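Asker: One structure is given below, represented as structure tokens, and several questions about it will come after.
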Protein chains: 2
Amino acid sequence: MTTTQLNQLSHRIGTINALSKGEVGQNRLVYSPTWISAQQQVINWGLQLGFDVTVDDFGTTYMDIPGTVHPDQIIAAGSHIDTVAQGGRFDGLYGVLGGLQAIENLLESVGRPKKTLRLISFSEEEGSRFPDTFTGSKHYTGQPINLAMTDPNGVSFEDARRNAVAKLKITGVKSGRPELPSTFTELHIEQGPRLIDHHLQIGLVTSIVGQRRFTVTVKGIANHAGTTPMDERADALEMAVTLISDLSQQAHQLDKGLTFTVGEMHISPNTSNVIPGLVTFSIDTRHNNEAVLDQFEQIINQVVERSQDTNIINSVNRWAKSDVTHLDDQLLAANQKIADRLGFSSTQLASGAGHDSQIMAKVTRTTMIFVPSINGISHAPEENTSQEDLLRGVELLTESLHQQAY
Amino acid sequence: MTTTQLNQLSHRIGTINALSKGEVGQNRLVYSPTWISAQQQVINWGLQLGFDVTVDDFGTTYMDIPGTVHPDQIIAAGSHIDTVAQGGRFDGLYGVLGGLQAIENLLESVGRPKKTLRLISFSEEEGSRFPDTFTGSKHYTGQPINLAMTDPNGVSFEDARRNAVAKLKITGVKSGRPELPSTFTELHIEQGPRLIDHHLQIGLVTSIVGQRRFTVTVKGIANHAGTTPMDERADALEMAVTLISDLSQQAHQLDKGLTFTVGEMHISPNTSNVIPGLVTFSIDTRHNNEAVLDQFEQIINQVVERSQDTNIINSVNRWAKSDVTHLDDQLLAANQKIADRLGFSSTQLASGAGHDSQIMAKVTRTTMIFVPSINGISHAPEENTSQEDLLRGVELLTESLHQQAY
């Protein structure tokens with residue numbers, strides 16, 4: 001990969017990230033104004049480079065270079081364009097623009113492919129605005145999605161979706177949901193510390209952990225902070241704090257490999273001199289063994305159920321579940337050979353993060369390539385990967401696509 | 001008090017509360033559009049009834065009926081017009097409109113007073129929008145206020161204040177901060193369960209508890225909920241939960257009479273799949289003995305200090321402090337006599353809530369009259385007081401003002 005190509009990749013990454021300029025981190029929550037501008041920019045790059053661009057009605061964008069011999073056999077690469085709130089510069093975006101760069105590299109160096117090369121920019125993966133995850137790849141692969149969702153501000157998924165997708169109908173862009181690819185390769189930052197801690201340059205993903213997300217609701221009674229005797233309170237926050245302590249302990253005892261995160265919490269009325277009457281909090285829990293997740297889900301239900309009393313009512317709702325996913329062994333082996341040939345130090349590992357690949361793997365042969373995350377940080381403004389590592393990932397992807405499509 | 005007068009009081013209370021129609025509870029946060037409409041309505045009622053109306057530059061409204069013999073001796077009644085978020089129908093407002101009704105009753109039944117009668121509608125008491133409390137009565141009595149405050153949305157106190165007060169400059173309204181009164185009587189709901197639990201009709205307030213409010217800030221490192229090993233996290237919410245559990249336990253052990261409330265909490269970025277990097281929470285603590293408050297403040301500082309580690313930094317800031325206040329004994333005794341004469345069952349009690357009276361008591365003879373709160377609930381939409389009890393409070397206030405001003 002030439003310096004020109006690397007500069008172009010850096011420039012494009014910078015261009016998309018500049019859309020969140022002046023904010024804390026990246027904020028491309030699905031269907032937000034920043035998200036719309038980002039997906040429009042990706043589409044415009046595709047049109048300028050002569051790709052056939054199609055947008056489906058969730059806003060996922062497909063950019064094809066038709067194959068000269070087997071146009072119906074599609075070799076796809078890509079990732080998601082959305083971010084969490086206050087997210088990083090590379091999560092998702094690197095797989096979209098790295099994939100675009102890899103295809104561009106091949107067009108420049110070896111010309112048109114025999115099979116169709118496709119770059120996919122999925123609309124949404126993070127589940128950070130609406131209470132569902134991977135809606136982009138789920139829609140592409142025909143999985144059910146709860147369309148009645150609303151975001152924390154009460155904006156409905158359907159209204160947000162229609163408004164945003166309408167703005168992607170740029171001249172030259174087709175509408176529709178194209179046929180599924182023969183393979184899907186997702187280039188992504190590791191988002192964890194394992195590669196960086198072991199000074200490795202490439203991670204080849206064997207499987208993706210299963211994860212479940214819950215919302216716990218605690219209903220107490222809002223009351224005056226000064227006049228309500230301590231023993232006559234129904235303090236929803238005090239109860240929530242007890243539940244979180246208890247569950248965090250039990251998760252730790254159950255299995256050291258089980259991740260347990262309370263990342264989101266809403267307190268009502270959220271005023272310093274009022275006892276909270278209503279608190280909701282999220283639970284995100286992951287493991288590469290389904291049985292452990294089943295066990296912990298039982299524990300959550302038990303703890304939440306038995307803690308409530310006559311004045312405080314607790315309830316729990318699981319709103320997201322994804323099983324452990326095993327990725328394609330042949331593509332893994334092939335990428336391992338390429339990494340070795342290119343002289344990249346690498347390891348094979350399971351992904352602790354969920355990815356569109358786990359959705360794509362249900363319908364097609366799928367593989368993932370990780371590059372190191374500095375300090376293992378992601379989903380945060382400090383998320384970073386060295387230029388050299390970004391370059392290695394794209395080189396490996398380029399070689400892999402070459403092997404598959406030419 | 002006649003049925004007409006009672007209906008008028010109920011009608012006026014209904015008119016102000018209707019301004020928050022369609023919302024959860026009352027939302028007259030200081031200087032909000034609803035607050036502006038409410039204070040404008042009070043001013044218009046005053047003007048219609050022939051009061052001399054003055055508004056100071058914090059938006060506190062003073063409505064006078066000049067005395068015929070000693071116009072310079074001022075007998076004042078009133079309370080605050082603001083509410084907490086999702087507050088109740090009577091907190092503050094009952095003292096404003098009940099005071100207005102009492103003065104109107106006297107004008108109808110015994111004509112002009114010898115001393116000046118003044119109704120005060122204080123701009124702010126709750127401390128629910130900006131991080132300071134009692135700013136209305138503090139400004140009137142010349143106490144310092146931090147003008148550099150901003151609300152959670154970053155709106156500055158000064159901008160909000162200027163914009164709102166400008167809208168109160170109705171024709172016929174004077175601008176300025178009038179001289180202090182000779183006495184101040186505040187009619188208020190108890191906001192606690194003691195009167196209702198003992199089937200009492202009137203509470204006469206001996207003193208007001210001291211209270212202190214703090215904000216605790218926990219700085220961790222935001223990171224990915226799935227890829228960050230449990231033992232490599234700097235989870236700000238997990239730390240906050242530990243601090244709250246610990247402090248709540250220590251408050252309980254220190255003194256059963258000490259109230260401890262965490263009413264407000266902010267989590268950043270507040271997304272289910274991101275480990276929180278920053279959490280702030282409030283502490284509201286009250287007692288009628290300064291020494292206990294001093295002890296607990298030490299405990300807060302110790303716990304917050306010793307809990308932090310290399311990855312998580314905690315800090316605590318006390319932003320509000322009010323000492324235990326003893327109200328006027330003569331006015332208390334006089335009101336006790338009136339209550340007995342009217343045949344109202346009553347008790348003398350300390351207030352667990354802070355009130356403008358504790359600020360006024362620093363500069364003038366001050367007393368408070370409580371009426372029962374159904375189920376002891378306040379600072380919540382369920383806050384309620386029976387028509388009969390509302391009536392009794394106004395009758396007692398009417399008699400008290402008659403005794404003082406005629």
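Asker: With a Förster radius of 25 Å, plug the Cβ-Cβ distance of B:Thr2 and B:Leu47 into 1/(1 + (r/R0)^6) and report the FRET value to the nearest 0.05. Each step should come with its number before you reach the end.
Answerer: Values: r = 23 Å, r/R0 = 0.93.
Plugging the Cβ-Cβ distance into 1/(1 + (r/R0)^6) gives 0.60.
Asker: Quick one: go through region B:53-76 and flag any residue whose amide nitrogen is under 16 Å from the point 7 Å out along the Cα-to-Cβ line of B:Gln330.
Answerer: Under cut-off, by backbone N: B:73-76.
Asker: Tell me the accessible surface of A:Lys362 in square angstrom (1.4 angstrom probe, heavy atoms of protein chains only), to the nearest ten.
Answerer: We get 130 Å² for A:Lys362.
Asker: Roughly what % antiparallel, to the nearest 5, for the DSSP beta bridges in the protein assembly as shown?
Answerer: On the way: 88 of 140 bridges.
Just about 65 percent of them are antiparallel.
Asker: Right, here's the next one. Ordered shortest first, which distances in nm separate the 7 Å Cα→C-beta label point of A:Thr15 from those of the other copies?
Answerer: From this label point to the equivalent ones elsewhere in the assembly: 6.2 nm.
Asker: Next question, about the same structure. Using a label point 7 Å beyond Cα on the Cα-Cβ vector, give me the inter-copy distances for A:Asp231 in nanometres, one decimal, shortest first.
Answerer: Label-point separations across copies, in nm and ascending: 4.4.
Asker: Name the residues of region A:160-201 whose amide N is less than 15 Å from a point 7 angstrom out from the Cα of A:Leu342 along the C-beta direction?
Answerer: A:185-190, A:200-201
Asker: Would you mind telling me which residue in A:Thr310, A:Thr215, A:Thr261 has the biggest mean-square fluctuation in a Gaussian network model of chain A, where springs connect alpha carbons within a distance under 10 angstrom?
Answerer: A:Thr310
Asker: Once the other residues with Cβ under 13 Å from the Cβ of A:Asn27 are scored (Lys, Arg +1; Asp, Glu -1), what is the net sum?
Answerer: Values: positive: A:Lys21, A:Arg28, A:Arg89, A:Arg129; negative: A:Glu23, A:Asp82, A:Asp91, A:Glu126.
Cβ neighbours under 13 Å give a net charge of 0.
Asker: Over all directions, how big on average is the projection of the convex hull of the alpha-carbon atoms in the protein assembly as shown, in square nanometres? Don't jump to the answer; show the numbers that get you there.
Answerer: On the way: hull surface 145.2 nm².
Taking a quarter of the hull surface, the average projection is 36.3 nm².
Asker: So what are region A:143-244's ellipsoid semi-axes, whole angstrom, largest first, if each one is the square root of 5 times an eigenvalue of the alpha-carbon gyration tensor? Don't skip to the end; give the middle numbers.
Answerer: Values: eigenvalues 372, 162, 35 Å².
Ellipsoid half-lengths, sorted descending, are 43, 28, 13 Å.
Asker: With a 10 Å cut-off between alpha carbons and a GNM built on chain A, which of A:Lys256, A:Lys21, A:Lys169 moves the most?
Answerer: Top of the fluctuation ranking is A:Lys256.
Asker: Remind me, relative contact order of chain B in percent, using alpha carbon pairs under 8 angstrom and six or more residues apart? Working shown, then result.
Answerer: Working: 910 pairs, mean separation 91.6, N = 406.
For chain B, the relative contact order is 23 percent.
Asker: On to the next question. Based on the Kirkwood radius over alpha-carbon pairs, what value in µm²/s does the Stokes-Einstein equation return for the translational diffusion coefficient of region B:212-322 at 25 °C and 0.890 mPa s?
Answerer: Working: Rh = 14.6 Å.
For the chosen part, D equals 169 µm²/s.
Asker: In whole Å, how far is the Cα centre of region A:28-105 from that of region A:288-364?
Answerer: Their Cα centres are 25 Å away from one another.
Asker: Just to confirm the numbers: A:Ile145, label point 7 angstrom along the Cα-Cβ line, distances to the other copies in nm, shortest first?
Answerer: In ascending order, 5.0 nm.
Asker: Sticking with this one: Where does the Debye-calculated log10 I(q)/I(0) of chain A sit at q = 0.08 Å⁻¹, using only Cα point scatterers of equal weight, no solvent?
Answerer: For the requested q values the scattering log ratios are -0.45.
Asker: Further question on the same structure: Any idea what the dipole of region B:135-181 comes to, in debye rounded to 20, about its Cα centre with Lys/Arg Cβ at +1 and Asp/Glu Cβ at -1?
Answerer: Working: 7 positive and 4 negative charges, 43 e Å.
Using only the charged Cβ atoms, the result is roughly 200 debye.
Asker: Also, I was wondering about something else. Over region B:1-135, what portion of Cα pair distances is larger than 24 Å, expressed as a whole percent? Don't jump to the answer; show the numbers that get you there.
Answerer: Working: 2533 of 9045 pairs.
Result: 28 percent of Cα pairs exceed 24 Å.
Asker: Among A:Ser79, A:Ser109, A:Ser346, which one shows the biggest mean-square fluctuation in a GNM of chain A, springs joining Cα atoms closer than 10 Å?
Answerer: In this elastic network of chain A, the residue with the biggest mean-square fluctuation among A:Ser79, A:Ser109, A:Ser346 is A:Ser109.
Asker: Using a cut-off of 12 Å between beta-carbons, work out the net charge of the residues near B:Gly46 (Lys and Arg +1, Asp and Glu -1, B:Gly46 not included).
Answerer: Once positives and negatives cancel, what remains is 0.
Asker: What FRET efficiency, computed as 1/(1 + (r/R0)^6) with R0 = 60 Å and r the Cβ-Cβ distance, is obtained for B:Arg112 and B:Asn301, rounded to the nearest 0.05?
Answerer: Details: r = 56 Å, r/R0 = 0.93.
Once rounded, the FRET efficiency stands at 0.60.
Asker: Using the C-alpha atoms of region A:60-176, what convex hull volume per residue, in cubic angstrom, is computed?
Answerer: Details: hull volume 13.4 nm³, N = 117.
Each residue corresponds to 114 Å³ of Cα convex hull volume.
Asker: Provide a whole-number value for the mean count of partner chain Cβ atoms within 10 Å of the Cβ atoms in peptide A:253-266.
Answerer: Taking the mean over all residues of the peptide, I get 6.
Asker: B:Gln143 to B:Ala291: extension gain in nm, 0.36 nm per residue of separation minus the Cα-Cα distance?
Answerer: On the way: separation 148, 0.36 × 148 = 53.28 nm, distance 2.37 nm.
Net length gain for the segment: 50.9 nm.
Asker: Which percentage, to the nearest 5, of the DSSP beta bridges contained in chain A is antiparallel?
Answerer: Numbers: 44 of 70 bridges.
Looking only at bridges with both residues in chain A, the antiparallel portion is about 65 percent.
Asker: To the nearest 20 debye, what is the magnitude of the charge dipole of the protein assembly as shown about its Cα centre, counting +1 on the Cβ of each Lys and Arg and -1 on the Cβ of each Asp and Glu?
Answerer: Values: 62 positive and 90 negative charges, 308 e Å.
Here the protein assembly as shown has a charge dipole of around 1480 debye.
Asker: Separate question: Around B:Ser272, under 10 Å between beta carbons, what's the net of Lys plus Arg minus Asp minus Glu among the other residues? Numbers along the way, then the final one.
Answerer: Numbers: positive: A:Arg213; negative: A:Glu126, A:Glu264, A:Asp284.
Net charge around B:Ser272: -2.
Asker: Between their Cα atoms, which of A:Lys21/A:Lys167; A:Lys219/B:Lys256; A:Lys114/A:Lys138; B:Lys138/B:Lys362; A:Lys321/A:Lys362 are more than 19 Å away from each other?
Answerer: Working: A:Lys21/A:Lys167 21 Å; A:Lys219/B:Lys256 25 Å; A:Lys114/A:Lys138 28 Å; B:Lys138/B:Lys362 10 Å; A:Lys321/A:Lys362 15 Å.
Cα-Cα > 19 Å for A:Lys21/A:Lys167; A:Lys219/B:Lys256; A:Lys114/A:Lys138; rest within.
Asker: With runs of 4+ DSSP H residues as the only contributors, calculate the mean residue ellipticity of the protein assembly as shown at 222 nm using -39,500 (n - 2.57) per run, divided by the residue total and rounded to the nearest 500.
Answerer: -11000 deg cm²/dmol
Asker: So how far apart, in nm, are the two label points at B:Gln249 and B:Glu388 if each is 7 Å from Cα heading toward Cβ?
Answerer: Those two pseudo-labels are separated by 4.7 nm.
Asker: Please name whichever of A:Val292, A:Gly22, A:Ala38 sits farthest to the positive end of the charge dipole of chain A, dipole taken about the Cα centre and charges placed at Cβ: Lys and Arg +1, Asp and Glu -1.
Answerer: Checked the options; the winner is A:Ala38.
Asker: What is region B:137-296's relative contact order, in percent, from Cα pairs under 8 angstrom and six or more apart in sequence? Can you show the working numbers first?
Answerer: Details: 183 pairs, mean separation 36.9, N = 160.
With pairs under 8 Å counted, the relative contact order is 23 percent.
Asker: Under 5 Å between amide hydrogens, which residues at least 5 positions from A:Ala380 or on another chain qualify, with H placed 1.01 Å from N in the peptide plane?
Answerer: Amide H neighbours of A:Ala380, under 5 Å, 5+ apart: A:Gly88.
Asker: So if I place +1 on the C-beta of Lys and Arg and -1 on the C-beta of Asp and Glu, and nothing else carries charge, what would the dipole magnitude of chain A be about its Cα centre? I want it in debye, nearest 20. Intermediate values should be presented prior to the final figure.
Answerer: Details: 31 positive and 45 negative charges, 194 e Å.
In debye, rounded to 20, chain A gives about 940.
Asker: Before anything else, pin down the relative contact order of region A:212-322: Cα pairs under 8 Å, at least 6 apart, normalised by residue count, whole percent.
Answerer: Numbers: 203 pairs, mean separation 48.7, N = 111.
Value for region A:212-322: 44 percent.
The values are calculated or read from the model by the stated rules, or taken from the named source; none is laboratory data. If you're wondering where the values come from, they're calculated on a predicted model, not measured in any experiment. Positions of Cβ are generated from backbone atoms using ideal geometry, with glycine treated the same way; all protein chains shown enter the neighbour counts. Just so you know, the surface numbers come from the protein's heavy atoms only, side chains and all, with ligands and any DNA or RNA stripped out. Shrake-Rupley method; radii C 1.70, N 1.55, O 1.52, S 1.80 Å.
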